[in-house]
Amino acid sequence: MWEYTDKVKDHFLNPRNVGEIEDPDGVGEVGSLACGDALKLTFKLGPDGRIADAKFKTFGCASAIASSSALTEMIKGLTLEEAEKITNEDIANYLGGLPKEKMHCSVMGREALEAAIANYRGQPLPMAQGEVVCECFGVTDLEIKRAVAESNLTSVEEVTNFTKAGGGCGKCHDRIMELILEVRKEQHAERKPAEKPKRLTNIQKIKLIEEVLEREIRPALRKDGGDIELIDVDGDVVMVSLRGACSSCVASQTTLKEYVEKKLRELVTDTLVVEEVRQ
Amino acid sequence: MSERVVYMDNNATTRVAPEVVEEMLPYFSELYGNPSSMHSFGGQVGRKIAEARERIAALIGAQPEEIIFTSCGTESDSTAILSALQSQPGKRHVVTTRVEHPAVKNLCEHLDKLFGHKHRVTALPVDREGLLDLEQYEKSLTEDTAIVSVMWANNETGVIFPIEEMAALARERGILFHTDAVQAVGKIPINLAEVPVDFLSISGHKLHAPKGVGVLYVRKGTPFFPFLVGGHQERGRRGGTENVASIIGLGKACELAAQRMNVENTKVRALRDKLEAGLLEKIPHALRNGHKDKRLPNTTSVSFEFVEGEAILLHLDRYGICASSGSACTSGSLEPSHVLRAMGVPFTMAHGSIRFSLSVYNTEEEVDFVLDKLPPIIANLRELSPFWQAEHRGAVGGAGCKCSCSS
Ligand SMILES: Cc1ncc(COP(=O)(O)O)c(C=O)c1O
């Protein structure tokens, strides 16, 4: 059973502004029966250019109905410029939060609003312009990238919760992951345009590994009566040999991976792999 | 929550029968001995477990030695399938259906990972009524087939498969046969003296015994590899100290089920039929899912077009009516139930499916209550639905939806 807030339950059981405005100024329709939820939003502007009335019809679960109802309440009295700024997070917050698996319901609300405003202005739907990534639910790359950027999503699962993309056959999971990385990279580039990733030469790398072993790792191992020796470095593979107490210790593999490799990755470069050479 | 509870979700779990509770209680308090102990304090518990074993065997026409106690239906399913594959390491083919419970379905999909080598899994399709094609089944059996795992009755629709015939076809070819009978045992008569299955799974909480106890029936002579390896309990076939009270409860529940089999197939069936007929008559654009007759007597799955299942359930919940749905939203996945999809139920219907599953504890008054409350709920939700107007059937706006699963 989903944990819905009282506000969600209230808007589900007593939805506000159900119906369709006759002769509306803007109409937004998103979703489909096959997808499991759909929303038709209509609004009318007053003489002052503010939204005088808004109505909805929704097919979907409790949170879809509640999100639609909340949306109509939120936009009444706003100018289109103000309404445009409403995000799905705003809708979810208005309802006191939604279960994470249901965030896509708030996204649907926002997209219906965008569609209705675009319809009023005679503009094409902004988000439908992109390339369709998720064929099952008809979600475009623009929708996915926006959700990733705005809600700080980091995994395919989160993207599915917010946009439904990837919730069907799963064929688009790789593409979604690419989009997440793209957004991350773009955000990164905006934040630190100057800093280039360090590229170590082989000599620099080996020197640095030796230094870290000497300065950080050996003193720690010696405390437990062990020691470590660097045998060779081949690309990213660091070959070492454990000495003293470490060589007979059953936990030596854990030491290698959990401690030595971690430290080297942290202080030298994060692609290193540590292997033990038995002599 | 409403004060009244009208419980019609017995395929999800059942109420522990008061007679069962009563039988169990002493084994939580005074009679806490370990049945494996040498002292008579423990020994008396062992005798009670032996009695439970006999009662269960009697319900399904088995020998007491063929009953292994497990922790749930899922463990029984896993044990049977993995045992069959381990005992025949050369065979790498499994035959099952597209409508199995996740306990079988997900296991079959993960065999490669578990064993570290490839398996071929044939998941047989079903038709619009949820039935299998026996000819196709027969053709799927090969030299390489290690085991067939086909449920006796489906948990979502109640559809019953012809296990007797199917098991016989496997037996002729020397192929092991497992059936997940979790939904069937206690609801329809089963006589394993005449049905040649090798393994059969039971789960306590589906027949008025507690949750967390199950049975795997293993026919005498069937090669067997334990799933839980440990002590000598269950004659070395399942390690772990017995869940004594629950086992005794399950024994009692099986005895009750045998006595009530008749009620299940007359009174419960009549209530289910009345509910189903009433809903289909009172609510337009409603459809039964699953074959009308080849079905458990307690289950009905009905789809209401243009509305979504979770919304229906939450409205029913306000009246204390408990049911379940194959809609995507209730499960947290985004696609409707794999069973309804396998049956080719259109999406417009699958999202709005509701399952009512009754038990001997339901009354006619309760059925009337549901028949009174549900039609206006559907009508209200349809008022909200943009698809309800005739001109708006199907997709609207957006970037069109081409669900992979609509095939
Ligand atoms: C057909 C079927 N098989 C297996 C199970 C799993 O049983 P258990 O919950 O005891 O693991 C269920 C119950 O949900 C079921 O309906």
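The values are calculated or read from the model by the stated rules, or taken from the named source; none is laboratory data. None of the values given here were measured: they were computed from a predicted structure. FYI the Cβ positions are ideal-geometry reconstructions off the backbone, even for glycines, and counts take in every protein chain you see.
Below, the figures for the structure above:
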item: Residue list for region B:20-35, restricted to those being among the hydroxyl-bearing types (Ser, Thr, Tyr) and surrounded by fewer than 16 Cβ atoms within 10 Å (Cβ to Cβ); result: B:Ser29, B:Tyr32
item: Scan of region A:80-113 for residues that are surrounded by fewer than 23 Cβ atoms within 10 Å (Cβ to Cβ), outside any helix (DSSP H, G or I) and touching a residue at least 60 places away in the same chain (Cβ under 8 Å), ordered by number; result: A:Thr87, A:Gly96, A:Gly97, A:Pro99
item: Odd one out for B:Val197, checked against (1) more than 24 Å from B:Gly90 (Cβ to Cβ); (2) in a loop (DSSP other than H, G, I, E, B); result: (1)
item: Qualifying positions in region B:178-208 - in contact with a Ser or Thr (Cβ under 9 Å, 6 or more places away or on another chain) and away from the ligand (no atom under 16 Å from the Cβ); result: B:Val195, B:Asp198
item: Residues being charged (D, E, K, R) and within 16 Å of the ligand (Cβ to nearest atom) - total across region B:55-66; result: 0
item: Number of the exception - A:Asp48 against (1) more than 30 Å from B:Leu316 (Cα to Cα); (2) touching a residue at least 24 places away in the same chain (Cβ under 8 Å); (3) more than 10 Å from every other protein chain (Cβ to nearest Cβ); result: (2)
item: Region B:171-194: number of residues that are part of a loop (DSSP other than H, G, I, E, B), among the aliphatic types (A, V, I, L, M) and closer than 24 Å to B:Gly290 by Cβ; result: 4
item: Flag for B:Glu109 being within 14 Å of chain A (Cβ to nearest Cβ) and either within 11 Å of the ligand (Cβ to nearest atom) or in contact with a strand residue (DSSP E or B) (Cβ under 8 Å, 6 or more places away or on another chain) (or both); result: yes
item: Qualifying residues in region B:8-19 (those that are away from the ligand (no atom under 16 Å from the Cβ) and in contact (Cβ under 8 Å) with a residue 40 or more places away in the chain) - the one surrounded by the most Cβ atoms within 10 Å (Cβ to Cβ); result: B:Ala17
item: Checking A:Cys35 against (1) closer than 24 Å to A:Ala165 by Cβ; (2) within 10 Å of chain B (Cβ to nearest Cβ); (3) touching a strand residue (DSSP E or B) at 6+ places or on another chain (Cβ under 8 Å); (4) buried (at least 24 other Cβ atoms within 10 Å of the Cβ), the condition it does not meet; result: (3)
item: B:Val263 being assigned to a strand (DSSP E or B) and at pLDDT 95 or above; result: no
item: Region A:232-261: number of residues that are surrounded by 16 or more Cβ atoms within 10 Å (Cβ to Cβ) and of a type in the set (Asp, Glu); result: 1
item: Only one of B:Ala52, B:Ala80 that is away from chain A (no Cβ under 14 Å), away from the ligand (no atom under 16 Å from the Cβ), buried (at least 22 other Cβ atoms within 10 Å of the Cβ) and under 23 Å from the mean Cα position of the chain (by Cα); result: B:Ala52
item: B:Glu100 being more than 15 Å from the ligand (Cβ to nearest atom) and charged (D, E, K, R); result: no
item: Region B:337-387, residues that are polar (S, T, N, Q) and not in a loop (DSSP other than H, G, I, E, B); result: B:Thr348, B:Ser353, B:Ser357, B:Asn380
item: Hey, B:Phe69 among the aromatic types (Phe, Trp, Tyr), outside any loop (DSSP other than H, G, I, E, B) and away from the ligand (no atom under 16 Å from the Cβ) or not; result: no
item: Test: residue in region B:317-330 that is of a type in the set (D, E, K, R) and over 14 Å from B:Glu156 (Cβ atoms); result: yes
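Here is a yes/no grid of residues against (1) modelled with pLDDT under 50; (2) facing chain A (nearest Cβ under 8 Å):
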residue	(1), (2)
B:Leu358	no, no
B:Val370	no, no
B:Ile377	no, no
B:Glu383	no, yes
B:Gly397	yes, yes
B:Gly400	yes, yes
B:Ser407	yes, no
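The rows are residues; the columns are (1) over 22 Å from A:Asp23 (Cα atoms); (2) touching a strand residue (DSSP E or B) at 6+ places or on another chain (Cβ under 6 Å); (3) buried (at least 16 other Cβ atoms within 10 Å of the Cβ); (4) facing another protein chain (nearest Cβ under 10 Å).
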{"site": "A:Ala115", "(1), (2), (3), (4)": "no, yes, yes, yes"}
{"site": "A:Arg121", "(1), (2), (3), (4)": "no, no, no, no"}
{"site": "A:Gly130", "(1), (2), (3), (4)": "yes, yes, yes, yes"}
{"site": "A:Cys134", "(1), (2), (3), (4)": "yes, no, yes, yes"}
{"site": "A:Thr140", "(1), (2), (3), (4)": "yes, yes, yes, yes"}
{"site": "A:Glu143", "(1), (2), (3), (4)": "yes, no, yes, yes"}
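So that you can scan it fast, the table gives a plain yes or no per residue for (1) closer than 17 Å to B:Asn191 by Cα; (2) within 16 Å of the ligand (Cβ to nearest atom); (3) away from chain A (no Cβ under 14 Å); (4) surrounded by fewer than 15 Cβ atoms within 10 Å (Cβ to Cβ):
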site	(1), (2), (3), (4)
B:Pro210	no, yes, yes, no
B:Arg219	yes, no, yes, no
B:Phe224	no, no, yes, no
B:Val229	no, no, yes, yes
B:Arg238	no, yes, yes, no
B:Ser246	no, yes, yes, no
B:Leu250	no, yes, yes, no
B:Gln259	yes, no, yes, yes
